[in-house]
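The values are calculated or read from the model by the stated rules, or taken from the named source; none is laboratory data. Everything numeric here is computed off the predicted structure, so don't read it as measured data. Heads up, the Cβs are rebuilt from the backbone with ideal geometry, glycines too, and the neighbour counts pull from every protein chain shown. The area values use the complete protein model at the heavy-atom level, side chains included, leaving out ligands, DNA and RNA. Shrake-Rupley method; radii C 1.70, N 1.55, O 1.52, S 1.80 Å.
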Amino acid sequence: MSSQNVASSFPLPPEFYKRYTDENLDKLKRIKEHGIEAFTNAGDTLPQDFDIFELEPPKPITKGSYTMFNDPWPVVDRMRTLEETELEQLYPKGEIALELKKLNNSVVFNFVELLDIL
């Protein structure tokens with residue numbers, strides 16, 4: 001019988017999740033409130049296998065970009081312009097309100113025509 005590779009669809013979580021115990025989080029909270037000197041002077045011990053400050057969540061990214069599905073995305077989310085997307089602009093610049101009114105009139109007219117047919 002040949003040996004088969006068994007793979008899980010959902011891999012195990014990384015080992016550091018075991019660090020997030022109620023006891024360790026309580027220690028971190030007390031250190032942040034009173035300071036590390038007061039914490040150690042009170043007779044409490046710090047974990048030896050990792051730094052207690054690693055339990056704090058990272059700060060959110062506010063500048064630059066990140067990669068998702070091999071595409072760079074800016075952190076500040078905004079609509080890209082037609083020039084940035086390299087698409088042709090079908091209306092003259094600065095006359096978007098006029099074009100939107102024309103589209104609205106066309107949609108309303110076609111809706112009324114459809115109601116008339118029904």
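Please report the Cα spread of the chain along all three principal axes, rounded to whole Å, starting with the longest.
82, 61, 36
Heavy atoms of the protein only, probe of 1.4 Å, neighbouring chains included. What is the accessible area of residue 108 in Å², nearest 10?
Result for residue 108: roughly 80 Å² accessible.
Can you list the trypsin sites (Lys or Arg not before Pro) in region 1-92 that are in a DSSP coil and have 11 or fewer other beta carbons within 10 angstrom?
63, 78, 80
Cross-chain or 8 or more residues apart, Cα under 29 Å: how many lysine pairs in the chain fit that? Count them up, please.
Lysine pair count for the chain: 11.
Please give the helix 22-34 orientation as an angle from the longest Cα principal axis of the chain, in degrees from 0 to 90, rounded to the nearest 10.
Around 90 degrees separate the two axes.
Can you tell me the orientation of helix 96-117 relative to the chain, as the angle in degrees between its alpha-carbon axis and the longest Cα principal axis, to the nearest 10?
Roughly 70 degrees between the two axes.
Report the relative contact order of the chain, percent, no decimals, based on alpha-carbon pairs under 8 angstrom and at least 6 residues apart.
Across the chain, relative contact order equals 12 percent.
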